[in-house]
Amino acid sequence: MRPYEYLLRYAPVDTTSNPESETCPSAAQELTLAKMLADDLRAAGCADAHVDEKGYVYASLPASPGCEGKPVLGLIAHMDTSADAPGHEVKPMLHEDYDGGELRLPGGPVLSPARFPFLARMKGETLITSDGTTLLGADDKAGIAEIFSAVETVAQQNRPHAKLCVCITPDEEIGRGADNFDIPGFGADFAYTVDGGDAGSIEYENFNAARAIVTVKGFSVHPGEAKDTMVNAANVAIEFHNALPEMDRPEHTEGYEGFYHLTQLYGDVNEAKLGYILRDHDAAKLECKKQAMAHIADCLNGKYGAGTVTLELADGYRNMLEKVKPHWHLIENAREAVRRTGMTPIEEPVRGGTDGAVLSWRGLPCPNLGTGGFNFHGVCECTTVERMDRAAAILLEIIALYAQ
Ligand SMILES: [Zn+2]
């Protein structure tokens, strides 16, 4: 089957993950798709395909004759879709020979090149969208579809290949896709996630992440008699925030520029709280951001009295680059595969975290390949038949390179 055929098959199955849930998978309906995926992987040639008790689908294709000793290659995608847009009763639609102009979906939203400039590049392709009332779910059912199509082609055509391992995870969108991933059971030496970005994109750098909570304790007295006595916690919190560099915020940064992002703000005279997330591709620069916050807290405690400001810092995910570097063949082979399909590799740092980053730090080096999808997590989500074909062709070239 071609990748878009798999996508049309999976898109109508609601797999919206649930951030409120404490189970894995977070939503029971993910298991419905998981069972379909295991069946389809068996039909594609992976005899051992199965769903584990957490809803992860694992499968493998034994190495072709002569490739038995080669390192084992993994391919990973996620089955859940984001709760940011409706994911129930998705009705995928094909728009053949898209003219590159405005396209009104039945549900109302308009795909316009003025708003989404990438649409101009899709002129002449067969666009795939939802009906405009839901997301499409190409994130990441397009990734699943491309992996399945590539694996099926390899099996049917007896193409030379090292052992291939496939895993489709639940709950990536709520940041838990890597939590119950059984790396030893999976059995790959290294892997690619296939998720997001245009076909031809290769991602191997992401942010290092930390969180900060600033708690300010004030001293409240009657405002009429407050001179030289009152400490207004809300004012101290504002002072803390204003001591951070104003331009190092998400709305003023791009590329490799990190930031402090104020995500929560609460305050009265007695107590105030500020919540931040801190991000930087460079781990040393992230450390500097943490130290700057500690320095501001110290200064304010010197000014208003010890214990006025408390700073709690916690580290989050880390940049995968450090873990991918010792396996640079993953990047070189991906670049070569993209070139062999007639495209130019697109390489940009990810301004977020990925499950691949978590897996890389847990011992499975795992850069990401683009699926050809756009406008994720919204009702304007789209991809094209041709871009999905290209993404699958890149996977086939990668599989061929690892069989050499
Ligand atoms: Zn995704």
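For ALA27, indicate whether it is assigned to a strand (DSSP E or B), touching a residue at least 12 places away in the same chain (Cβ under 8 Å) and buried (at least 18 other Cβ atoms within 10 Å of the Cβ). No: the conditions fail for ALA27. Filtered by the rule that a residue be at pLDDT 95 or above, outside any strand (DSSP E or B) and open to solvent by 30 Å² or more (accessible area, probe 1.4 Å), the range 84-101 gives PRO86, HIS88, GLU89, LYS91, PRO92, GLU96, ASP97, ASP99.
Among the candidates GLY370, GLY352, GLY356, the residue that is touching a helix residue (DSSP H, G or I) at 6+ places or on another chain (Cβ under 7 Å) and open to solvent by less than 20 Å² (accessible area, probe 1.4 Å) is uniquely GLY370.
For the residues GLY177, GLY143, the requirement of being within 12 Å of the ligand (Cβ to nearest atom), buried (at least 22 other Cβ atoms within 10 Å of the Cβ) and part of a loop (DSSP other than H, G, I, E, B) singles out GLY177. The lone criterion from (1) closer than 22 Å to SER149 by Cα; (2) part of a helix (DSSP H, G or I); (3) touching a residue at least 40 places away in the same chain (Cβ under 8 Å) left unmet by SER360 is number (1).
When we screen ALA59, ALA38, ALA77, ALA34 for residues that are outside any loop (DSSP other than H, G, I, E, B), free of Cβ contacts under 8 Å to residues at least 40 places away in the same chain and either in contact with a Phe, Trp or Tyr (Cβ under 7 Å, 6 or more places away or on another chain) or open to solvent by less than 30 Å² (accessible area, probe 1.4 Å) (or both), the only hit is ALA38. Considering the range 158-174, the residues that are of a type outside the set (D, E, K, R) and farther than 16 Å from SER82 by Cα include one that is surrounded by the fewest Cβ atoms within 10 Å (Cβ to Cβ), namely ASN158. If you check ARG121, ARG104 for being touching a strand residue (DSSP E or B) at 6+ places or on another chain (Cβ under 8 Å), among the basic types (Lys, Arg) and open to solvent by 40 Å² or more (accessible area, probe 1.4 Å), only one passes: ARG104.
The values are calculated or read from the model by the stated rules, or taken from the named source; none is laboratory data. Values in this document were obtained by computation on a predicted structure and should not be read as measured data. Using ideal geometry, Cβ is built from the backbone for each residue, glycine included, and neighbour counts are taken over all protein chains shown. Calculation scope for accessible area: heavy atoms of the full protein, side chains included, ligands and nucleic acids excluded. Shrake-Rupley method; radii C 1.70, N 1.55, O 1.52, S 1.80 Å.
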